[in-house]
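Undergrad: Got a structure for you, written out below as structure tokens; questions coming shortly.
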Amino acid sequence: MQSSSNGLYFISIGLSDEKDMSIKALENAKKCDLLFVEFYTTKLNTTKERLEKLIRKSIKDLSREELEEKYQKIILDEAKTKKVGLLVGGDCFVATTHLALRVEAIKQNIPIKVIHGSSIISAIGETGLHLQKFGPFVTIPFPEKTKGKLPESVYNILLENKKRGLHTLCLLDVVAEEKKYITVREALNILLELEKERQERVLNEDTEVIVFSNAGGKNSSVVFDKVKNLLKKNFEKPVIIIIPGILHFTEREFLESNLLN
């Protein structure tokens with residue numbers, strides 16, 4: 001790909017802001033003829049303008065519709081004759097949207113290059129939980145997107161992880177175009193409301209869960225507490241919730257010592 005005059009570059013920005021870009025990511029972004037960025041799959045503490053200042057190139061901000069429905073004309077057609085870079089928060093292939101775009105590029109014989117970066121999937125190690133004890137992760141959606149009910153698939157993953165003693169990473173929904181982000185309080189209330197309709201319970205007000213906020217930022221925070229107490233608190237964004245499975249004694253030791261600091 002390096003010697004090619006065209007292709008699609010998937011460039012990971014990293015976890016928090018433009019300063020998380022690796023040297024490799026920055027070098028490859030500067031090589032591109034066209035640069036795009038999307039902010040809807042990951043909440044970042046940066047802006048298009050700050051990225052443009054760092055890379056010293058003009059960047060187009062893509063909406064969800066442009067990336068998921070109009071990608072052929074906007075991205076792939078251009079990548080057939082130019083070097084096109086897509087800047088992605090976190091790591092470029094955590095979101096399935098980018099995987100789908102990669103598949104389409106391969107089908108059309110468009111050369112691709114991937115530059116990985118830090119993401120919430122690796123950063124959750126900061127909570128003290130063992131990464132090998134995580135099951136599949138889920139996204140808690142805004143109720144209006146799902147007619148007020150949590151999708152059956154999400155509930156099934158939560159329940160299956162609990163049965164197996166595995167931790168569940170819960171990402172919180174984002175509508176970037178409206179600058180709308182689901183809060184910890186809203187997400188926990190969605191899960192509690194769901195419990196009223198189920199015989200098998202995932203959590204209740206006395207369940208201990210973990211809230212990890214501003215990962216990779218200056219003031220990252222790990223809070224381990226009961227649901228009823230977390231409902232009373234506000235957390236800095238971006239934020240995720242972890243519903244723990246069976247805690248190893250070293251995991252609990254870390255979480256409880258973190259709580260005392």
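Undergrad: Enter the Cα centre distance for the pair segment 8-35 and segment 129-151, rounded to the nearest angstrom.
TA: 29
Undergrad: Ok, one more. Which entry in (i) 7, 28, 36, 22, 6, 1, 0, 0; (ii) 7, 32, 38, 20, 3, 0; (iii) 7, 29, 31, 21, 11, 2 matches P(r) over Cα pairs in 10 Å bins from 0, in percent derived from the coordinates of this structure?
TA: After the calculation, the listed value that fits is (iii).
Undergrad: Would you mind working out the magnitude of the charge dipole of segment 121-260 relative to its Cα centre, with +1 at each Lys and Arg C-beta and -1 at each Asp and Glu C-beta, to the nearest 20 Debye?
TA: Working: 20 positive and 20 negative charges, 21 e Å.
Roughly 100 debye for segment 121-260.
Undergrad: Using 0.36 nm per residue of separation minus the Cα-Cα distance, give me the extension gain between V103 and T250 in nm, one decimal. Mind dumping the intermediate values first?
TA: On the way: separation 147, 0.36 × 147 = 52.92 nm, distance 4.10 nm.
So the extension gain works out to 48.8 nm.
Undergrad: Rounded to the nearest 20 Debye, what is the dipole magnitude of the chain about its Cα centre when Lys and Arg each give +1 and Asp and Glu each give -1 at the C-beta?
TA: On the way: 40 positive and 37 negative charges, 118 e Å.
The dipole of the chain has a size of about 560 debye.
Undergrad: If the elastic network links every pair of Cα atoms under 10 Å, which of V138, V175, V103 fluctuates the most in the Gaussian network model of the chain?
TA: V103
Undergrad: Restricting to Cα pairs below 8 Å that are 6+ residues apart, what does the relative contact order work out to for the chain? Please round to a whole percent. Walk me through the numbers before you get to the answer.
TA: Working: 462 pairs, mean separation 51.4, N = 261.
With pairs under 8 Å counted, the relative contact order is 20 percent.
Undergrad: Now, a different point. Which of K70/K133; K149/K228; K179/K232; K53/K107; K149/K233 have a Cα-Cα distance over 28 Å? List each step's numbers first, then the result.
TA: Working: K70/K133 38 Å; K149/K228 21 Å; K179/K232 23 Å; K53/K107 34 Å; K149/K233 24 Å.
Going by Cα-Cα distance, K70/K133; K53/K107 fall outside the 28 Å limit.
Undergrad: With Cβ to Cβ distances under 15 Å as the rule, what net charge do the other residues near S118 carry (K, R +1; D, E -1)?
TA: -2
Computed from the coordinates by the stated procedures, all read-outs in this text should not be read as laboratory data. Small disclaimer: the values here were computed from a predicted structure and weren't measured. Note: ideal-geometry Cβ built from the backbone for every residue, glycine included; neighbour counts use all protein chains shown.
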